[in-house]
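Undergrad: Submitted below is the structure of interest, expressed as structure tokens.
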Amino acid sequence: MRAEDLSELAGRAEAEIAAAPDEAALDALRVRYAGRREGEITKAMKRLPALPAGERPAFGAAANAARERIEAALERRTAALRDAALQRDLAAAAVDLTLPPRRVRIGRYHPITRTIREISRIFAGMGFEAVEGPEVEWDYYAFEALNIPADHPARDKFSTLWVQAEGSMEVALAATGAGRARAATGQPDRILLRPHTSPMQIRVMEQRRPPVRVIVPGRCFRFEATDPTHESVFFQYEGLAIDEQLTMADLKGVLYSFARQLFGGERKVRFRPDYFPFTEPSAEIAFDCFACDGTGVTNEGKCRTCAGSAWIEAAGCGMVHPDALRRVGYDPSKYQGFAFGGGVERLAMLLTGTVDIRLFHQNDLRYLESV
Ligand code: PHE
């Protein structure tokens, strides 16, 4: 065998390698030509010592060149086979690389959460701290301590959902004021789903000394048929301020400022006498309708937002009743204050232009993402 034969060998190997149909065939060719022990090149190199000294360098160089050509051919064919396999896989999976990617859904706050945050933010600016309270509540805090004893007609207004308490629930609730509830009624208290956030007036006053300024957003429950403005599960925000010099003027000023910050512009606040057993005097507050600017009419006729009344009823309020103050150990001759409570959904409806309160709770993302 001579140097020229090696070049011919490499040419033959290149042709066979280029034609190898698959990995297995390629492996066989690799062993046959480039195998360390029995490969053709190795065999050729073993003949080197037998050659005349003058031919050895040329022969050795030719063997190395042949090995390089064969190895390069093996690499090329390996890459080509892999590429072909990939193309086959892609074709089989029928991936259409021109399709637009799936839309990434970016999370956002529920309109009610947004409204609660906005309410809390505005009142925080006036020194009110946001606190929360239990949704499952004692009769004592929801009614009794708010001057609404069992036979009081005001109970009718709060269509109450009562809870048949399991032992563990009694235990959990007992940790939050059961002692007072029992002391006041002389018997195990009844448990309910709070129909308003006002029980937190009492709970907060029990736990703090004046000055008190809190805002309490939270879920409430009433046994009601639903319609576009009523839900059996809804949210309220309760406000409470107790200090030494507070008057009805402070209540008005705070709610006036709240309305302007929430709705912008120069919102008017209407106070009308109302009745709540736990405030005296009591009032209902309304904001002049922002949709018709307090006129009751728009370009399309009667304003639909306020039903032509020019006002949007927003909350009940009043000066905290001296009985409630006494009950928590505050001296009514020294301390007084105001409380207010309104519906969060009502405000959320106005802020988002939502015409039916139930849209907030159906959790249809097509709607919730649009407001
Ligand atoms: N809790 C009352 C209601 O739900 C509203 C209210 C709150 C009234 C605070 C006066 C003071 O109707």
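The values are calculated or read from the model by the stated rules, or taken from the named source; none is laboratory data. The structure displayed is predicted, hence computed values, not measured ones. Don't worry about glycine lacking a Cβ; one is built from the backbone with ideal geometry, like all the others, and counts go over all protein chains shown. In case anyone asks, the SASA skips ligands and DNA or RNA and just uses the protein heavy atoms, side chains included. Shrake-Rupley method; radii C 1.70, N 1.55, O 1.52, S 1.80 Å.
Undergrad: Quick one: the Cα spread of the chain along its three principal axes, in angstroms, biggest first?
TA: Here the Cα extents, ordered largest to smallest, are 127, 58, 39 Å.
Undergrad: Place a +1 charge on the Cβ of each Lys and Arg in segment 3-92 and a -1 charge on the Cβ of each Asp and Glu, then give the dipole magnitude about the Cα centre in debye, rounded to the nearest 20. Before the final figure, lay out the partial values.
TA: On the way: 15 positive and 16 negative charges, 67 e Å.
Approximately 320 debye in magnitude.
Undergrad: Turning to a different aspect of this structure: Which one of 59, 80, 10 has its Cα pushed farthest toward the positive end of the charge dipole of segment 3-92, where Lys and Arg give +1 and Asp and Glu give -1 at the Cβ?
TA: Positive-most Cα among the choices belongs to 59.
Undergrad: Which value, to two decimals, describes the C-alpha radius of gyration of segment 3-92 once divided by 2.2 N^0.38 Å? Mind dumping the intermediate values first?
TA: Details: Rg = 15.6 Å, N = 90, 2.2 N^0.38 = 12.2 Å.
Taking N as the residue count of segment 3-92, the ratio is 1.29.
Undergrad: Taking H as built 1.01 Å from N, whose amide H comes closer than 5 Å to the amide H of residue 129, not counting residues under 5 places away?
TA: Those qualifying (amide H under 5 Å, at least 5 residues apart or on another chain) are 213, 214, 215.
Undergrad: Right, another one. With a cut-off of 8 Å between alpha carbons and a minimum separation of six or more residues, what is the relative contact order of the chain in percent? Please list the in-between numbers first.
TA: On the way: 551 pairs, mean separation 52.2, N = 371.
Averaging sequence separation for qualifying contacts and normalising by length gives 14 percent for the chain.
Undergrad: Can you show me the helix-derived [θ] at 222 nm for the chain, built from DSSP H runs with n ≥ 4 at -39,500 (n - 2.57) apiece and divided by the number of residues, rounded to the nearest 500. Can you show the working numbers first?
TA: On the way: 13 runs with 152 residues, N = 371.
Computed ellipticity for the chain at 222 nm equals -12500 deg cm²/dmol.
Undergrad: Output the relative contact order of segment 180-308, whole-number percent, from Cα pairs under 8 angstrom with separation of 6+ residues. Each step should come with its number before you reach the end.
TA: Working: 146 pairs, mean separation 17.7, N = 129.
After rounding, I find 14 percent.
Undergrad: Next question. Using modelled backbone amide H atoms (1.01 Å from N, in-plane), which distant-in-sequence or interchain residues come within less than 5 Å of residue 314's amide H?
TA: 285, 286, 287
Undergrad: If you place +1 on the Cβ of every Lys and Arg, -1 on the Cβ of every Asp and Glu, and leave all else neutral, what size is the dipole of segment 268-347 about its Cα centre, to the nearest 20 Debye? Provide the component values of the computation, followed by the final result.
TA: Numbers: 9 positive and 10 negative charges, 14 e Å.
Magnitude of the dipole: close to 60 debye.
Undergrad: Separate question: Taking all protein chains as present, what is the carbon and sulfur share of the accessible area of segment 3-92, in % to the nearest whole number, probe 1.4 Å? Write out the running numbers ahead of the final one.
TA: Working: 3120 of 5550 Å².
Carbon plus sulfur share of accessible area: 56 percent.
Undergrad: Can you work out the Karplus-derived ³J(HN,Hα) for every residue in segment 355-368? Use 6.51 cos²θ - 1.76 cosθ + 1.60 with θ = phi - 60°, whole Hz, and x for glycine or proline.
TA: The phi angles translate into 8, 9, 4, 5, 4, 5, 9, 7, 6, 8, 4, 4, 7, 4 Hz.
Undergrad: Roughly what percent of Cα-Cα pairs across segment 239-351 reach past 24 Å? Show your work: numbers first, answer last.
TA: Details: 2000 of 6328 pairs.
Of all Cα-Cα distances in segment 239-351, 32 percent exceed 24 Å.
Undergrad: Per residue of segment 287-300, what does 6.51 cos²θ - 1.76 cosθ + 1.60 with θ = phi - 60° give for ³J(HN,Hα)? Whole Hz please, x for Gly and Pro, Karplus curve as stated.
TA: Couplings: 9, 5, 4, 6, 6, 10, 6, x, 9, x, 10, 10, 4, 8 Hz.
Undergrad: Filter the DSSP H helices in the chain by two things, a Kyte-Doolittle mean of at least -1.0 and an axial alpha-carbon span of 20 angstrom or more, and list the hits by number. Mind dumping the intermediate values first?
TA: Values: long enough: 3-19 (25 Å, -0.02); 56-93 (55 Å, -0.24); 248-263 (22 Å, 0.55).
The answer, listed by residue number, is 3-19, 56-93, 248-263.
Undergrad: Give the residue from 204, 50, 286 lying farthest towards the positive end of the charge dipole for the chain; charges sit on Cβ (+1 for Lys and Arg, -1 for Asp and Glu) and the dipole is referred to the Cα centre.
TA: Farthest along the dipole direction, towards plus: 50.
Undergrad: With both partners inside the chain, how many of the DSSP beta bridges are antiparallel, as a percent to the nearest 5? Write out the running numbers ahead of the final one.
TA: On the way: 47 of 49 bridges.
The antiparallel proportion sits near 95 percent.
Undergrad: Also: Below 8 Å between Cα atoms, with a sequence gap of 6+, how large is the relative contact order for segment 3-92 in percent? Numbers along the way, then the final one.
TA: Numbers: 68 pairs, mean separation 34.5, N = 90.
Relative CO of segment 3-92 lands at 38 percent.
Undergrad: In square angstrom, what is the accessible area per residue of the chain with a 1.4 angstrom probe?
TA: Values: 20100 Å² over 371 residues.
Per-residue accessible area for the chain comes out at 54 Å².
Undergrad: Post the alpha-carbon centroid distance, segment 103-118 to segment 31-58, in whole angstrom.
TA: Result: 77 Å between the Cα centres.
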